[in-house]
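The values are calculated or read from the model by the stated rules, or taken from the named source; none is laboratory data. These figures come from a predicted structure and were not determined experimentally. Here the Cβ positions follow ideal geometry from the backbone for every residue, glycine too, while neighbour counts run over all protein chains shown. Only protein heavy atoms, including side chains, enter the accessible area calculation; ligands, DNA and RNA are left aside. Shrake-Rupley method; radii C 1.70, N 1.55, O 1.52, S 1.80 Å.
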Amino acid sequence: MSNIEQTLSIIKPDAVERNLDNKIKSIFIQEGFKILKEKKIKLEKEDAEKFYKVHETKPFYNDLCEYLSSGPVVAMILEKEDAILSNRKIMGATDPKKADEGTIRKKFGISIDRNSVHGSDSIDNAKVEINFFFRD
Ligand code: GDP
């Protein structure tokens with residue numbers, strides 16, 4: 001049985017700043033994802049705080065929110081069979097140093113806090129995150 005899912009992907013400021021957005025989008029397309037919607041926006045810090053609310057008790061929360069709102073990001077709704085897991089695999093581990101060869105974070109990530117992409121980690125979070133960026 002097919003299991004078509006939608007997930008939210010963000011090309012983060014470090015990657016947009018280096019003009020890697022088209023390269024990263026072409027990786028998703030090559031991997032069979034459809035980009036259903038996309039928008040380039042600059043978040044306010046309060047938006048980033050809302051987006052990363054699950055991390056509000058972490059020591060890196062403030063830096064994380066400063067960073068996500070430091071420059072434009074490209075948010076996309078990606079669709080594919082098992083999109084959530086598939087995107088997580090293509091992204092690679094959170095820390096680019098630990099990411100597998102060939103993954104986006106291994107190729108383009110600078111550090112654990114400048115790791116080029118975000119991807120939803122569950123069906124429930126994908127719904128919330130898609131709604132966060134594309135509610136209109
Ligand atoms: P992800 O789902 O792989 O993006 O990882 P998480 O949801 O656990 O964390 C969200 C984001 O917070 C990551 O993409 C990192 O940019 C950042 N982050 C996670 N863990 C750490 C950490 O230990 N130190 C710092 N500085 N940033 C972190």
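Considering every residue within the stretch 108-124, establish whether at least one is away from the ligand (no atom under 14 Å from the Cβ) and either part of a loop (DSSP other than H, G, I, E, B) or in contact with a helix residue (DSSP H, G or I) (Cβ under 6 Å, 6 or more places away or on another chain) (or both).
Within the stretch 108-124, not a single residue is away from the ligand (no atom under 14 Å from the Cβ) and either part of a loop (DSSP other than H, G, I, E, B) or in contact with a helix residue (DSSP H, G or I) (Cβ under 6 Å, 6 or more places away or on another chain) (or both).
Hey, can you tell me all the residues within the stretch 63-98 that are within 11 Å of the ligand (Cβ to nearest atom) and free of Cβ contacts under 8 Å to residues at least 12 places away in the same chain?
Across the stretch 63-98, the qualifying residue is only K98.
I'm checking my understanding of the structure. Among residues of the stretch 90-113 that are of a type in the set (A, V, I, L, M, F, W, C) and open to solvent by less than 70 Å² (accessible area, probe 1.4 Å), which one is farthest from the chain's Cα centre (by Cα)? Quick ask: steps written out before the conclusion?
First pass over the stretch 90-113, keeping only residues of a type in the set (A, V, I, L, M, F, W, C): 90-91, 93, 99, 104, 108, 110, 112.
Keeping just the survivors that are open to solvent by less than 70 Å² (accessible area, probe 1.4 Å) gives 90-91, 93, 99, 104, 108.
Working: I90: 11, M91: 8, A93: 12, A99: 15, I104: 11, F108: 13 Å.
Result: A99.
Can you spot a residue in the stretch 41-49 that is in a strand (DSSP E or B), of a type in the set (A, V, I, L, M), open to solvent by less than 60 Å² (accessible area, probe 1.4 Å) and closer than 22 Å to K23 by Cα? So that I can check it myself, show each step before the final result.
Residues of the stretch 41-49 that are in a strand (DSSP E or B), as a first pass: 41.
The next check asks that each one be of a type in the set (A, V, I, L, M); those that pass are 41.
Pick out the ones that are also open to solvent by less than 60 Å² (accessible area, probe 1.4 Å) and you get 41.
Next, only the ones that are closer than 22 Å to K23 by Cα stay: 41.
There is at least one residue in the stretch 41-49 that is in a strand (DSSP E or B), of a type in the set (A, V, I, L, M), open to solvent by less than 60 Å² (accessible area, probe 1.4 Å) and closer than 22 Å to K23 by Cα.
So which of K39, K53 ends up being within 15 Å of the ligand (Cβ to nearest atom) and among the basic types (K, R)?
On the way: K39 fails: within 15 Å of the ligand (Cβ to nearest atom).
The unique qualifying residue is K53.
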